[in-house]
1. Compute the long axis of helix 55-65 from its Cα atoms, compare it with the longest principal axis of the Cα atoms of the chain, and write down the angle in degrees, 0 to 90, nearest 10.
2. Semi-axes, largest first, in whole Å: what does sqrt of 5 times each Cα gyration tensor eigenvalue give for the range 173-230?
3. What whole-number distance in Å separates the alpha-carbon centres of the range 208-224 and the range 233-280?
4. For the range 118-276, what is the percent of antiparallel DSSP beta bridges, rounded to the nearest 5?
5. Per DSSP H run of at least 4 residues, take -39500 (n - 2.57); add these up for the chain, divide by its residues and hand me the 222 nm value, nearest 500 deg cm²/dmol.
6. Taking a quarter of the surface of the Cα convex hull of the range 53-126, what do you get in nm²?
7. Based on Cα coordinates alone, diagonalise the gyration tensor for the range 116-244, multiply each eigenvalue by 5, take square roots, and list the semi-axes in whole Å, largest first.
8. Could you name the lysines in cross-link range of LYS90, using Cα to Cα under 16 Å and dropping any fewer than eight places away on the same chain?
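Derivation of every value follows stated rules applied to the coordinates shown; laboratory data play no part. Note that this is a predicted model, so its numbers are computed, not measured. Backbone-built Cβ (ideal geometry, glycine too); neighbour counts: all protein chains shown.
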Amino acid sequence: MSKIPTYKLANGQEIPVLGFGTWQTPDGEVAEQSVLKALESGYRHIDTAMIYGNEVSVGRAIQKSGVAREELFVTTKLWNTDHSYELAKKAIDQSLQNLGLDYFDLYLIHWPNPVHFRENWQEANSEAWRAMEEAVEAGKIKSIGVSNFRAHHLDALLETAKIQPVVNQIYLNPSDQQREVVAYNNAHNILSEAYSPLGTGNLIGLPELEKIAAKYQKSVPQLLLRWSLQKGFLPLPKSVTPSRIEQNFQVFDFLIDAQDMAAMDALQGVKSLATDPDTTNF
C-alpha cells in the first residue's frame with residue numbers, strides 16, 4: 001500500500017493530508033468497525049472528539065488494528081464545558097484514558113465561544129490553551145490547534161499563547177469556502193482542516209458536480225475530496241459504510257483541471273453555510 005502524503009505543520013510535525021472523521025459515528029461496534037475499516041483502507045489519520053462520545057471505541061479499533069502507534073496521527077478535541085485551566089487538564093487526561101493512548105498528535109479547542117463562557121470567552125480560551133501548552137511540555141500532546149475559530153477568536157488567543165496553533169479545523173467545502181478564515185489561516189501558517197468536506201452529504205446530488213465527476217470517472221465524494229486537497233486543505237470525510245470508506249481514500253490518482261476547479265469554486269452558497277461560532281446555543 002502506498003504511503004499517504006503528508007503536510008508539514010508550522011512546528012515541523014508531519015500530518016497525513018487526508019483524515020478519517022468520526023462525528024455522528026455511534027459509540028460501540030459501529031465506531032470500532034468503521035475505524036478498523038479506515039485503517040485497513042490506508043487511512044493513518046483519525047479525528048475524534050470528547051463530545052462525539054466514541055473515544056473508547058475509536059481507541060479500541062486503534063489497538064486492534066495492529067498499526068504501529070508512530071504510524072498513526074490521532075486528533076481529539078476539548079469540549080465547550082471544559083474551557084478553564086483545571087477543567088482542560090482533566091479533559092486531556094480523560095481523553096487519553098478513553099483512547100488508551102500515551103499522547104495525542106493533535107488536540108484542538110472545539111469551539112471558540114461556548115454559551116457557558118460567552119461573557120469571558122477570551123479568558124476561558126486562554127486558560128484552556130495554557131493547560132494544552134503544559135500538556136505539550138509534558139509529552140501528552142505533540143501539536144495544538146483550534147476548530148471553528150474566526151479571525152477575532154484567533155487574534156485574542158495569540159495575545160497570550162506561547163505555542164502557536166498549527167491547525168484550524170472548520171466547515172469547509174465548495175458551498176462554504178470561508179475565504180476570510182482561510183486567508184487568515186494561511187497568513188499565520190495555520191493549516192485549514194476541512195470537516196464536512198462533502199457538505200454533510202447535501203452536495204452529493206448536485207448535477208453540476210455529477211457532470212464533473214463523470215468526466216474523471218470518479219464519484220462526487222471523491223471529486224469533493226480532491227477539490228479540498230488541491231486547495232491545500234485537509235479533508236476529514238466520515239462514513240460508516242465500508243465501500244464508501246474505501247472509495248473516499250481513492251483520491252490520489254487524478255487531478256481536477258483549472259476550469260473544473262473554477263466551476264466548483266462558483267458553488268459558494270449553493271447549500272448550507274458554516275455555523276456562526278458566536279451565536280451557538282451550546
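1. That works out to roughly 60 degrees.
2. Details: eigenvalues 119, 26, 15 Å².
For the range 173-230, the semi-axes come out at 24, 11, 9 Å.
3. Taking the Cα centre of each part, the range 208-224 and the range 233-280 sit 11 Å apart.
4. Working: 1 of 11 bridges.
Antiparallel: roughly 10 percent of the beta bridges in the range 118-276.
5. On the way: 10 runs with 107 residues, N = 282.
Calculated at 222 nm, the ellipticity per residue is -11500 deg cm²/dmol.
6. Working: hull surface 20.1 nm².
Over all viewing directions, the range 53-126 projects a mean Cα-hull area of 5.0 nm².
7. On the way: eigenvalues 222, 47, 35 Å².
Over the Cα atoms of the range 116-244, the semi-axes work out to 33, 15, 13 Å.
8. Excluding near neighbours in sequence, the set is LYS77, LYS140.
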